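Novice: Before I ask anything, here is the structure I am working with.
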Amino acid sequence: MNPAAPPVSPEAPAADGGPGGRALLAIRGGLAAFVVTALAAQIVPASIEVVGGGLALSTALKLGWFYELAFHRVAIDLIGSGGATGRLSVAFLSGTVLAMWVLFRAGRTAARRAGPSLRDRVLAGAMVGPVYALPIAVITSFVRLQLHTGGGFIPQTVRFHGVVWQAFVFPALLGIAAGGGGGAMGSLSRGSRAHAWLAGGWRGLLTALGLAAIGVLVLAAVRPQGTATYARMVSSNGPRVASLLLGHHALLLPNQSFFVLGPSMGGCTDLMGSERTIPLLCPGRLPSLEPYAIAADIARVGGEDPTTIAPITDRSMPAGYWAFVLVPAIAALAAGRYAGTGVSGSRRVREALVRGAGAGVVFALLVGVGTWIASATLFVRPADGSDAVSLTLGPRLIPTFLLALVWGVVGGALGASIVRQEEGTPVPVEPDAPVPPNPTSV
């Protein structure tokens, strides 16, 4: 042993742990994340029991499992007693956010033994994704649920089962992205450009979704007639149905924010079908919430001619609604302002703009992915062999992404430049230019 060599820290072996240690942490983290989300999904059937649902234990557990699938936008196949079939793809984004948070933390924990390399840390964090997805796919392959609806608009008996390949692929992709992000954020220094891009883009997205939700609440406060209509719709079928509707609305609040964010940037939230598209919420247009109008929209999108239903009359948007344009503006500025904080050096102006614009690109990518996840799709094939009907509710993906890219890059660069001015960063002085006098020396 060389006496001149520095002593080895006792924590050094634990810092890496080898492939076995990293794999063990990934397995623990992925399984722990699975348990957390699966238990959270059971809150809904448990709430049904609180208000007197009377569900059998097996039925309640199976119902909760389908909420687990909805946390990841895994499609659910529907089979009616009369032979009609369908497929529903919808995500309860409140549950998706919970899944992303626990996967992010699991990935960050797994990356602690991967050494200092960014690549190794990202891979170690991403390993929680397949571990997280495997039990979801296995359980989905066995779970089947049959409910008696009482007939009417839908078949008297409907059977449900999840799409198995999606039950693995979608949670795995979510786990790889969130876990890998946790591993990366644990390795990136706060002053690095990559950290500024990622953290700034996330901050911009969260700001946009939060402001959109607040804007809807403010709108409900200043328009009490709309609030009264919503209250009547929710409470018309008794307290049990009201609690279910309110609980589902809470699960869908982030979806609602995405539906508002698209039109705030200049796009539209549409009801899209195989035959045509009905714009529901666009700049200058407000949706009609009357039951006949909703039925007419669905009939038109499905290719039917609703001759027995009164036509929809467009409603012009009051001037105050244009305040929603502030949602993407403030979000993009917030992303750039965070990304541009603390920039120094001889090229600080250029670096701040690069960081702000990069955060805007990340913001646009997150908006695009979130828009796809937030949308809802229903595919129905009638039992009589007639043409299938496909309905999709949500903003259009490509236009929304491009609008978010413009808002994010321009607003991010502007927000980064505002940071430079607010922090009082001195403007670079040319070598031959006279140096301004120090105010304290006068």
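Novice: Give the ranking of Cys268, Cys282 by solvent-accessible surface, highest area first, calculated with a 1.4 Å probe.
Specialist: Largest accessible area first, the residues go Cys268, Cys282.
Novice: I would also like to ask the following. What is the local net charge at Gly95, summed over the other residues whose Cβ is closer than 12 Å to its Cβ (Lys, Arg +1; Asp, Glu -1)?
Specialist: Numbers: positive: Arg73; negative: Glu68.
Counting the neighbours of Gly95, the net charge comes to 0.
Novice: Using a Förster distance of 51 Å, how high is the FRET efficiency between Val164 and Arg347, based on the Cβ-Cβ distance and rounded to 0.05?
Specialist: Efficiency for this residue pair is about 0.45.
Novice: Here is a follow-up. Would you mind giving the three semi-axes, in whole Å and largest first, of the ellipsoid equivalent to region 58-123 according to its Cα gyration tensor? List each step's numbers first, then the result.
Specialist: Numbers: eigenvalues 273, 33, 19 Å².
Semi-axes from the Cα gyration tensor: 37, 13, 10 Å.
Novice: Along the Cα-to-Cβ line of Leu206, 7 Å from the Cα, sits a label point; which residues in region 353-391 have backbone N less than 17 Å from it?
Specialist: So the set is 359-360, 362-364, 366-367, 370.
Novice: Also, I was wondering about something else. Could you report region 35-104's accessible area per residue, 1.4 Å probe, as an integer in Å²? All intermediate terms of the calculation are to be shown ahead of the outcome.
Specialist: On the way: 2810 Å² over 70 residues.
Heavy-atom SASA per residue in region 35-104 reads 40 Å².
Novice: Okay, moving on. On the accessible surface of region 101-144, probed at 1.4 Å, how many percent belong to carbon and sulfur atoms?
Specialist: The computed percentage sits at 66.
Novice: Scale the Cα Rg of region 352-401 by the rule-of-thumb value 2.2 N^0.38 Å and send over the ratio, two decimals.
Specialist: 1.80
Novice: If Lys and Arg each add +1 and Asp and Glu each add -1, what is the summed charge of the other residues whose beta carbon sits under 14 Å from the beta carbon of Leu69? Present the calculation step by step, with values, prior to reporting the outcome.
Specialist: Numbers: positive: Lys62, Arg73, Arg87, Arg144; negative: Glu68, Asp77.
With Lys, Arg at +1 and Asp, Glu at -1, the net is +2.
The values are calculated or read from the model by the stated rules, or taken from the named source; none is laboratory data. Please read all numbers here as calculations on a predicted model, not as lab measurements. Glycine gets a Cβ as well: all are built from the backbone with ideal geometry, and neighbour counts include every protein chain shown. What goes into the accessible areas is simple: the full protein's heavy atoms, side chains included, and nothing from ligands, DNA or RNA. Shrake-Rupley method; radii C 1.70, N 1.55, O 1.52, S 1.80 Å.
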